Amino acid sequence: MAVSAKQRNTGSPASARAQRRQARARRYRNRRILYTSLALVAVGGLLALILWDMLTPQPGEYVPSQGNAHIVEAQVGQFAYNTLPPTSGPHLGSLARWGVHDEPIPNELQVHNLEDGGVIVNYDCPEGCPDLVAQLAEVVEHYDEGVILAPYPGMDTRIALTAWQRIDQFEGFDAERIERFVHAYRGADHHR
(Lines give C-alpha, C1' and ligand atoms only; values in the text may rest on other atoms or scores of the structure.)
Protein backbone atom coordinates (compact mmCIF):
# COMPACT_ATOMS: atom_id res chain seq x y z
CA MET A 1 0.00 0.00 0.00
CA ALA A 2 1.46 3.34 -1.05
CA VAL A 3 1.70 6.02 1.60
CA SER A 4 1.09 9.57 0.44
CA ALA A 5 3.20 12.50 1.55
CA LYS A 6 0.16 13.92 3.33
CA GLN A 7 -0.26 10.69 5.35
CA ARG A 8 3.44 10.66 6.26
CA ASN A 9 3.28 14.24 7.42
CA THR A 10 0.14 13.78 9.45
CA GLY A 11 1.57 10.96 11.53
CA SER A 12 -1.22 8.57 10.64
CA PRO A 13 -1.09 4.94 11.84
CA ALA A 14 -0.43 3.78 8.29
CA SER A 15 2.58 6.07 8.13
CA ALA A 16 4.00 4.76 11.42
CA ARG A 17 3.54 1.14 10.25
CA ALA A 18 5.29 1.91 6.98
CA GLN A 19 8.20 3.53 8.79
CA ARG A 20 8.50 0.55 11.17
CA ARG A 21 8.43 -1.84 8.20
CA GLN A 22 11.17 0.14 6.46
CA ALA A 23 13.28 0.24 9.64
CA ARG A 24 12.82 -3.52 10.13
CA ALA A 25 13.77 -4.16 6.51
CA ARG A 26 16.91 -2.00 6.94
CA ARG A 27 17.91 -3.86 10.14
CA TYR A 28 17.31 -7.23 8.45
CA ARG A 29 19.37 -6.17 5.39
CA ASN A 30 22.18 -4.83 7.60
CA ARG A 31 22.25 -8.04 9.68
CA ARG A 32 22.30 -10.14 6.53
CA ILE A 33 25.24 -8.10 5.19
CA LEU A 34 27.06 -8.41 8.54
CA TYR A 35 26.54 -12.19 8.81
CA THR A 36 27.53 -12.74 5.19
CA SER A 37 30.67 -10.65 5.71
CA LEU A 38 31.58 -12.57 8.87
CA ALA A 39 31.03 -15.89 7.10
CA LEU A 40 33.23 -14.80 4.18
CA VAL A 41 35.99 -13.67 6.57
CA ALA A 42 35.79 -17.02 8.45
CA VAL A 43 35.89 -19.06 5.24
CA GLY A 44 38.76 -16.92 3.91
CA GLY A 45 40.70 -17.43 7.15
CA LEU A 46 40.13 -21.18 7.03
CA LEU A 47 41.26 -21.35 3.42
CA ALA A 48 44.35 -19.29 4.28
CA LEU A 49 45.23 -21.72 7.10
CA ILE A 50 44.76 -24.72 4.82
CA LEU A 51 46.86 -23.12 2.10
CA TRP A 52 49.55 -22.16 4.64
CA ASP A 53 49.65 -25.75 5.92
CA MET A 54 49.88 -27.12 2.38
CA LEU A 55 52.70 -24.75 1.40
CA THR A 56 54.68 -25.06 4.63
CA PRO A 57 57.06 -27.99 4.31
CA GLN A 58 56.62 -30.60 7.03
CA PRO A 59 59.75 -31.74 8.86
CA GLY A 60 61.42 -34.92 7.74
CA GLU A 61 60.93 -37.05 4.69
CA TYR A 62 57.62 -38.72 3.79
CA VAL A 63 57.75 -42.52 3.67
CA PRO A 64 54.94 -44.61 2.09
CA SER A 65 52.92 -46.62 4.60
CA GLN A 66 53.50 -50.32 5.02
CA GLY A 67 50.23 -50.70 6.86
CA ASN A 68 49.54 -51.17 10.53
CA ALA A 69 48.83 -54.89 10.98
CA HIS A 70 49.33 -56.42 14.40
CA ILE A 71 51.63 -59.43 14.69
CA VAL A 72 52.48 -61.88 17.45
CA GLU A 73 55.85 -62.26 19.18
CA ALA A 74 56.71 -65.32 17.02
CA GLN A 75 56.63 -63.08 13.90
CA VAL A 76 59.21 -60.56 15.19
CA GLY A 77 62.08 -60.12 12.71
CA GLN A 78 60.19 -61.58 9.73
CA PHE A 79 59.32 -58.30 8.02
CA ALA A 80 61.51 -55.99 5.93
CA TYR A 81 60.72 -52.35 6.71
CA ASN A 82 61.19 -49.71 4.02
CA THR A 83 63.30 -47.57 6.40
CA LEU A 84 65.54 -48.33 9.35
CA PRO A 85 64.43 -47.27 11.87
CA PRO A 86 60.89 -48.06 10.68
CA THR A 87 58.07 -45.55 10.18
CA SER A 88 55.10 -47.91 9.69
CA GLY A 89 54.32 -51.57 9.14
CA PRO A 90 53.47 -54.71 11.09
CA HIS A 91 53.92 -54.34 14.83
CA LEU A 92 53.29 -55.89 18.21
CA GLY A 93 50.18 -55.08 20.20
CA SER A 94 52.10 -53.62 23.14
CA LEU A 95 53.90 -50.30 23.53
CA ALA A 96 57.41 -49.43 24.60
CA ARG A 97 57.60 -47.19 27.68
CA TRP A 98 57.77 -43.48 26.78
CA GLY A 99 60.98 -41.72 27.80
CA VAL A 100 64.69 -42.50 27.75
CA HIS A 101 65.91 -46.05 27.06
CA ASP A 102 69.44 -47.44 27.36
CA GLU A 103 68.76 -50.48 25.18
CA PRO A 104 67.52 -50.67 21.56
CA ILE A 105 63.78 -51.11 21.09
CA PRO A 106 62.70 -53.80 18.59
CA ASN A 107 61.29 -52.42 15.33
CA GLU A 108 57.99 -54.18 15.88
CA LEU A 109 57.56 -52.41 19.21
CA GLN A 110 58.69 -48.99 17.94
CA VAL A 111 56.09 -49.02 15.18
CA HIS A 112 53.20 -49.40 17.61
CA ASN A 113 54.40 -46.32 19.51
CA LEU A 114 54.52 -44.43 16.21
CA GLU A 115 51.00 -45.58 15.33
CA ASP A 116 49.81 -44.17 18.66
CA GLY A 117 51.18 -40.74 17.75
CA GLY A 118 54.64 -41.15 19.21
CA VAL A 119 57.96 -39.78 18.03
CA ILE A 120 61.18 -41.74 18.48
CA VAL A 121 64.60 -40.14 18.69
CA ASN A 122 67.10 -42.83 17.68
CA TYR A 123 70.87 -42.51 17.89
CA ASP A 124 73.81 -44.64 16.79
CA CYS A 125 77.18 -44.22 18.49
CA PRO A 126 79.32 -47.37 18.04
CA GLU A 127 82.16 -45.88 20.14
CA GLY A 128 79.80 -44.26 22.66
CA CYS A 129 78.68 -40.65 22.82
CA PRO A 130 77.62 -39.72 26.36
CA ASP A 131 77.50 -35.98 25.59
CA LEU A 132 75.16 -36.48 22.62
CA VAL A 133 72.93 -38.87 24.62
CA ALA A 134 72.73 -36.32 27.44
CA GLN A 135 71.72 -33.55 25.02
CA LEU A 136 69.08 -35.76 23.37
CA ALA A 137 67.77 -36.91 26.76
CA GLU A 138 67.38 -33.30 27.87
CA VAL A 139 65.09 -32.62 24.91
CA VAL A 140 63.09 -35.86 25.28
CA GLU A 141 62.60 -35.41 29.03
CA HIS A 142 60.52 -32.27 28.37
CA TYR A 143 57.65 -34.61 27.41
CA ASP A 144 55.69 -36.76 29.85
CA GLU A 145 54.69 -39.11 27.08
CA GLY A 146 54.69 -39.45 23.32
CA VAL A 147 58.47 -39.33 22.84
CA ILE A 148 61.16 -42.00 23.18
CA LEU A 149 64.95 -41.81 23.09
CA ALA A 150 66.75 -45.06 22.33
CA PRO A 151 69.92 -46.37 20.70
CA TYR A 152 69.53 -47.89 17.24
CA PRO A 153 72.72 -49.64 16.10
CA GLY A 154 73.51 -49.79 12.40
CA MET A 155 71.79 -46.61 11.18
CA ASP A 156 73.27 -44.64 8.28
CA THR A 157 73.42 -41.47 10.43
CA ARG A 158 74.03 -40.68 14.10
CA ILE A 159 70.49 -39.40 14.70
CA ALA A 160 67.16 -40.42 13.17
CA LEU A 161 63.79 -39.01 14.17
CA THR A 162 60.78 -41.15 13.32
CA ALA A 163 57.04 -40.62 13.34
CA TRP A 164 54.31 -42.42 11.43
CA GLN A 165 55.41 -42.27 7.75
CA ARG A 166 58.07 -39.61 8.49
CA ILE A 167 61.82 -39.82 9.05
CA ASP A 168 64.50 -37.18 9.53
CA GLN A 169 68.14 -38.30 9.57
CA PHE A 170 71.15 -36.14 10.42
CA GLU A 171 74.59 -36.27 12.02
CA GLY A 172 74.87 -33.57 14.70
CA PHE A 173 72.71 -32.49 17.63
CA ASP A 174 70.10 -29.88 16.67
CA ALA A 175 67.57 -29.19 19.46
CA GLU A 176 65.45 -26.89 17.29
CA ARG A 177 65.17 -29.51 14.53
CA ILE A 178 64.17 -32.20 17.03
CA GLU A 179 61.59 -29.95 18.73
CA ARG A 180 60.09 -28.99 15.38
CA PHE A 181 59.73 -32.66 14.41
CA VAL A 182 58.20 -33.59 17.77
CA HIS A 183 55.72 -30.67 17.65
CA ALA A 184 54.69 -31.56 14.09
CA TYR A 185 53.88 -35.23 14.73
CA ARG A 186 53.51 -36.03 18.44
CA GLY A 187 49.94 -36.98 19.32
CA ALA A 188 48.70 -37.71 15.77
CA ASP A 189 46.94 -41.07 16.13
CA HIS A 190 47.19 -43.36 13.09
CA HIS A 191 44.79 -46.19 13.86
CA ARG A 192 42.66 -46.83 10.79
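Based on what the data block shows, is THR83 under 18 Å from the mean Cα position of the chain (by Cα) and β-branched (Val, Ile, Thr)?
Spelling it out, it is not the case that THR83 is under 18 Å from the mean Cα position of the chain (by Cα) and β-branched (Val, Ile, Thr).
Can GLY154 be described as at pLDDT 95 or above and open to solvent by 30 Å² or more (accessible area, probe 1.4 Å)?
For GLY154, the condition - at pLDDT 95 or above and open to solvent by 30 Å² or more (accessible area, probe 1.4 Å) - is met.
Quick check on the range 163-192: of everything there that is crowded, with 16+ Cβ neighbours inside 10 Å and among the aromatic types (Phe, Trp, Tyr), which residue is farthest from the chain's Cα centre (by Cα)?
Selected residue: PHE173.
Taking only the range 86-104 into account, find how many residues are in contact with a Leu (Cβ under 9 Å, 6 or more places away or on another chain) and either surrounded by 15 or more Cβ atoms within 10 Å (Cβ to Cβ) or among the charged types (D, E, K, R) (or both).
Residues in the range 86-104 being in contact with a Leu (Cβ under 9 Å, 6 or more places away or on another chain) and either surrounded by 15 or more Cβ atoms within 10 Å (Cβ to Cβ) or among the charged types (D, E, K, R) (or both): 10 in total.
When you look at VAL100, is it closer than 19 Å to GLY172 by Cβ, in contact with a helix residue (DSSP H, G or I) (Cβ under 9 Å, 6 or more places away or on another chain) and touching a residue at least 24 places away in the same chain (Cβ under 8 Å), yes or no?
no
For (1) part of a loop (DSSP other than H, G, I, E, B); (2) open to solvent by less than 60 Å² (accessible area, probe 1.4 Å); (3) touching a Pro at 6+ places or on another chain (Cβ under 9 Å), each residue gets a yes or a no:
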residue: TYR28; (1), (2), (3): no, no, no
residue: ARG32; (1), (2), (3): no, no, no
residue: LEU38; (1), (2), (3): no, no, no
residue: LEU46; (1), (2), (3): no, no, no
residue: LEU49; (1), (2), (3): no, no, no
residue: PRO57; (1), (2), (3): yes, no, no
residue: GLY67; (1), (2), (3): yes, yes, yes
residue: PHE79; (1), (2), (3): yes, no, yes
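Could you tell me which of the residues VAL182, VAL119, VAL147, VAL111 is within 25 Å of VAL72 (Cα to Cα) and in contact (Cβ under 8 Å) with a residue 60 or more places away in the chain?
The match here is VAL119.
Considering every residue within the range 163-174, establish whether at least one is out of contact with any helix residue (DSSP H, G or I) (no Cβ under 6 Å at 6 or more places or on another chain) and of a type in the set (A, V, I, L, M).
Yes: the range 163-174 contains one or more residues that are out of contact with any helix residue (DSSP H, G or I) (no Cβ under 6 Å at 6 or more places or on another chain) and of a type in the set (A, V, I, L, M).
Have a look at PRO130, PRO104 and point out the one that is more than 24 Å from the chain's Cα centre (by Cα) and under 18 Å from THR162 (Cβ atoms).
Answer to the selection: PRO104.
The values are calculated or read from the model by the stated rules, or taken from the named source; none is laboratory data. Remember, predicted model here, so these are calculated numbers, not experimental data. Note that each Cβ is placed from the backbone with ideal geometry, even for glycine, and that neighbours are counted across all protein chains shown. Remember, those area values only see protein heavy atoms, side chains included, never the ligands or the DNA or RNA. Shrake-Rupley method; radii C 1.70, N 1.55, O 1.52, S 1.80 Å.
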